[in-house]
Amino acid sequence: MVALVTIGQLVSFFGFMQTLHVPLGDRSYPIHIGAGLLSRPELILPQLAQKRVMIVTNTTVAPLYLAPLKAMLEAAGVTVAQVVLPDGEAYKTWETLNLIFDALLTERAERKTTLIALGGGVIGDMTGFAAASYQRGVPFIQIPTTLLSQVDSSVGGKTGINHPLGKNMIGAFYQPKVVLADTATLKTLPARELSAGLAEVIKYGLIWDAEFLAWLEANMDRLRALDPAAIAHAIYRSCEIKAQVVGQDEREGGIRAILNLGHTFGHAIETGMGYGNWLHGEAVGAGMVLAAQTSQRMGWISQGDVARTRALIRAAGLPDVAPDLGVDRYLEYMGHDKKVEGGKMRFVLLKRLGEAAITAEVPPEVLIAVLTAPR
Ligand code: NAD
Ligand code: GLY
């Protein structure tokens, strides 16, 4: 651990940090990407409205990164409180959210106290929602420590919790002040979680950028081995695409929905299998295969395109075969999706590899054929 931080500090000393911006008017914010950012107070201090923060993290991430973050902030004169939540998607609930509110009230946190999310997407989504609601809104900062949260969940301001009947059904759009993606933290991430993050990286190639998709096909082994240059490029390009989409459509009135490729199927898998049994990224991986198969049955992409999609998902270490929940349960869970409009399911599909399309016109027989076909 000490060695990792030292290498990270060295890399950051030589200025190996990239920054891009999410363009949202007076709510625009920077995303900093690089190794060793947890030891750089100058990236956080200008964003604090008062020198008081509450770090929200969990029982897995706290022993790894809470002490160095806290020490860095305290050395810069910041008063730091903390709340350590139980770890897991199964805890992305009202009850756990309330633990954050309990801590904020116990510590008498004020309107200008900043919440800092230190962890993966579960911590980021819950902390953001707590920040959106505590005293009707306090500032927050995202320090994502999983690949998935560095390329997706920490950017764009979607926050929230799950309901037993539907994933991420309760929440708010609420943007952070800054995102610090410290790539050194990925070294402690289990391989299964790294693969889950790669699902969202592949998503950006499929929906937006055929060239990036081809780059991913050529570099998947380097990414799985955490090659620093490859990982930095994948995170940067993913955030760049997400920032571009969110900048056009912050509250998902239109184009932002393309970021949900594979998610309608994926959320049904997560809910149907029980939260936490399939990782979000795994469910999205298998869900993107179902979305590709649906696109092929719509006549938009070829069998070869489906095979290419499937091969990349497999190469990332993800399941390419969706579980057999039965058509009725798939349809029931997909019916709770946030993209349902006027009772009609809307799907994100592929017009071609590198271009997504949103449609409410998938004939039921196509959907049933996809869900019942041998996988
Ligand atoms: P996660 O937050 O559950 O983290 C995965 C696991 O890795 C956890 O056990 C966590 O404690 C552990 N962990 C985190 N950082 C680590 C590190 N550096 N070293 C070792 N272990 C570490 O899962 P996730 O994949 O990061 O996020 C999934 C969540 O994100 C889902 O709830 C999903 O709905 C949400 N999400 C939100 C958005 C959004 O736009 N807000 C987008 C995509 C996904
Ligand atoms: N992960 C989908 C979005 O942020 O819109």
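The values are calculated or read from the model by the stated rules, or taken from the named source; none is laboratory data. The model shown is predicted, which means the values in this text are computed figures rather than measured ones. Cβ coordinates were reconstructed from backbone atoms using ideal geometry, including for glycine residues, and neighbour counts include every protein chain displayed. Calculation scope for accessible area: heavy atoms of the full protein, side chains included, ligands and nucleic acids excluded. Shrake-Rupley method; radii C 1.70, N 1.55, O 1.52, S 1.80 Å.
How big is the Cα convex hull of the range 95-216 in projection, averaged over all directions, in nm²?
8.7
Sum -39500 (n - 2.57) across every DSSP H segment of at least 4 residues in the chain, then divide by the residue count to get the 222 nm mean residue ellipticity, nearest 500.
Theoretical 222 nm ellipticity from helices: -13500 deg cm²/dmol.
Which of the listed residues, T183, F16, M169, is farthest toward the dipole's positive end in the chain, when Lys, Arg count +1 and Asp, Glu count -1 at the beta-carbon?
My answer, from the dipole projection, is F16.
Put +1 on the Cβ of each Lys and Arg and -1 on the Cβ of each Asp and Glu in the chain; which of G124, T114, G342 then has its Cα farthest toward the positive end of the dipole?
T114
Taking a quarter of the surface of the convex hull around the Cα atoms of the chain, what do you get in nm²?
Taking a quarter of the hull surface, the average projection is 17.0 nm².
Restricted to Cα positions, what overall size does the range 18-85 have along the principal axes? Three whole-Å values, descending.
35, 25, 22
Using a 1.4 Å probe on the protein heavy atoms, what percent of the accessible area of the chain belongs to carbon and sulfur?
55
Work out which helices of the chain, taken as complete DSSP H runs, extend at least 27 Å along their axis over the Cα atoms and score a mean Kyte-Doolittle of -0.5 or more, then list them.
Helices meeting the span and hydropathy rule in the chain are 228-248.
Once the whole set of protein chains is in place, how much accessible area is left on M220, using a 1.4 Å probe, in Å² to the nearest 10?
Ignoring ligands and nucleic acids, M220 comes out at about 10 Å².
What order do you get for 198-207, 141-150 when each peptide is scored by the mean count of other beta carbon atoms within 10 Å, highest first?
Order by mean packing, descending: 141-150, 198-207.
I want the local charge near W94. Using Cβ-Cβ distances under 14 Å, sum +1 for each Lys or Arg and -1 for each Asp or Glu among the other residues.
With Lys, Arg at +1 and Asp, Glu at -1, the net is -2.
Evaluate the relative contact order of the chain (contact order divided by residue number), counting alpha-carbon pairs under 8 angstrom at least 6 apart; express in whole percent.
It rounds to 15 percent for the chain.
Please enumerate, by chain and number, the aspartates and glutamates with C-alpha under 16 Å from the C-alpha of K187, excluding those fewer than 8 residues away in the same chain.
Of all the aspartates and glutamates, those that pass the test against K187 - Cα under 16 Å, at least 8 places apart if same chain - are D221, D227.
Let me spell out the model: positive unit charges on the Cβ of Lys and Arg, negative unit charges on the Cβ of Asp and Glu, origin at the Cα centre of the chain. What dipole size does that give, in debye rounded to 20?
Taking the Cα centre of the chain as origin, the dipole is about 460 debye.
Quote the relative contact order of the range 117-161 in percent (integer), defining contacts as alpha-carbon pairs under 8 Å separated by 6+ residues.
In percent, rounded to a whole number, it is 52.
Go through K92/K203; K167/K203; K112/K177; K51/K177; K242/K338; K70/K242 and tell me which ones have a Cα-Cα distance over 22 Å in this structure.
In this structure, K92/K203; K70/K242 lie more than 22 Å apart at Cα.
How large is the accessible surface of K187 in square angstrom, using a 1.4 angstrom probe and rounding to the nearest 10?
110
Leaving out same-chain residues fewer than 8 places away, which aspartates and glutamates sit with a Cα under 17 Å from that of K351?
Reachable aspartates and glutamates: D209, E211, D305, E361.
Accessible area per residue of the chain at 1.4 Å probe, in Å²?
Counting only protein heavy atoms, the per-residue value for the chain is 39 Å².
Select from G317, Q303, V151 the residue farthest towards the positive end of the dipole of the chain; place +1 on Cβ of Lys and Arg, -1 on Cβ of Asp and Glu, and compute about the Cα centre.
V151
Please give the FRET efficiency for T359 paired with A218, using the beta carbon to beta carbon distance and R0 = 35 Å, rounded to the nearest 0.05.
Once rounded, the FRET efficiency stands at 0.70.
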